[in-house]
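Okay, so here's the structure we're looking at.
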Amino acid sequence: MKPYIRGFTLLEVLVAISIFAIIGLSANQMLRSIIDTQSRVRAGNETFASISRTLTVIHRDLTQVIPRGIRDGYGEPMGPLVIGQGPYVLEFTRTGWNNPARHQRSEVQRVAYGVEDDTLYRYFWLVLDRAEDSEPRSQILLRNIEGFSASVVDPEGETADAWP
């Protein structure tokens, strides 16, 4: 009696390989979809985080506005709050400039916000009353913006894009 050899036929092997290939392609497509979704969510989260940081900085500055005017580089007086005039969208004097290193400087700071090349910058000066060579330091707050504007609302509820 001849021993009976058990095994798979060629047709069965081809069917099994075809099923395995279909499952592998489906898994590959699902993995690609998950990776694409993750990268889009990560980009959205980064955008949201940078906008949130920017709004926090602006809020922190605006809640510490004080009525202290300055002198510009030519000795001309400037108001404590300037909106829509000059090279900056918004410029004002604020308090609360921390000085942990105890440098000889004021705890009052002049701050401005402006847009250059689709980027929102926060400018600040190391001195309040400027000399002709006083240059602001800049911080990039937000990139790829379409615009930035500021308005003031008077006690009657009227808005204006320039102040004073």
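The values are calculated or read from the model by the stated rules, or taken from the named source; none is laboratory data. Quick caveat, the model's predicted, so the values are computed rather than measured. Every residue, glycine among them, receives a Cβ derived from its backbone with ideal geometry; neighbour counts consider all protein chains shown. The protein model used for the area step is the full one, side chains on, heavy atoms only, and it has no ligands, DNA or RNA in it. Shrake-Rupley method; radii C 1.70, N 1.55, O 1.52, S 1.80 Å.
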Hey, among Leu62, Leu14, Leu31, which residue is open to solvent by 60 Å² or more (accessible area, probe 1.4 Å), modelled with pLDDT of 90 or more and closer than 25 Å to Gly96 by Cα? Leu62
State whether one or more residues within the range 88-98 are in contact (Cβ under 8 Å) with a residue 40 or more places away in the chain, under 25 Å from Phe148 (Cβ atoms) and open to solvent by 30 Å² or more (accessible area, probe 1.4 Å). yes
Among the numbered criteria (1) under 28 Å from Ile145 (Cβ atoms); (2) open to solvent by 40 Å² or more (accessible area, probe 1.4 Å); (3) out of contact with any Ser or Thr (no Cβ under 6 Å at 6 or more places or on another chain); (4) of a type outside the set (Ser, Thr, Tyr), which one does Arg102 miss? (1)
Quick test for you: out of Leu90, Leu128, pick the one residue that is in contact with a Lys or Arg (Cβ under 6 Å, 6 or more places away or on another chain) and under 24 Å from Asp72 (Cβ atoms). Leu128
Just give me the residues in the range 76-115 being among the small types (Gly, Ala, Ser) and modelled with pLDDT under 85, in sequence order. Gly86, Gly96, Ala101, Ser106
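If I ask for residues that are open to solvent by 60 Å² or more (accessible area, probe 1.4 Å) and out of contact with any strand residue (DSSP E or B) (no Cβ under 8 Å at 6 or more places or on another chain), which ones from the range 68-77 would you list? Give the steps one after another, and end with the answer.
Of the residues in the range 68-77, the ones open to solvent by 60 Å² or more (accessible area, probe 1.4 Å) are 68, 71, 74, 76-77.
If the condition is that a residue be open to solvent by 60 Å² or more (accessible area, probe 1.4 Å) and out of contact with any strand residue (DSSP E or B) (no Cβ under 8 Å at 6 or more places or on another chain), then Tyr74, Glu76 are the ones that fit.
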Checking the structure you have, find out if any residue of the range 118-131 is at negative phi, without any contact (Cβ under 8 Å) to a residue 40 or more places away in the chain, in a loop (DSSP other than H, G, I, E, B) and not β-branched (Val, Ile, Thr). yes
Those residues of the range 105-163 which are open to solvent by less than 50 Å² (accessible area, probe 1.4 Å), within 14 Å of Ile58 (Cα to Cα) and among the aromatic types (Phe, Trp, Tyr), in sequence order: Tyr113, Tyr121, Tyr123, Phe124
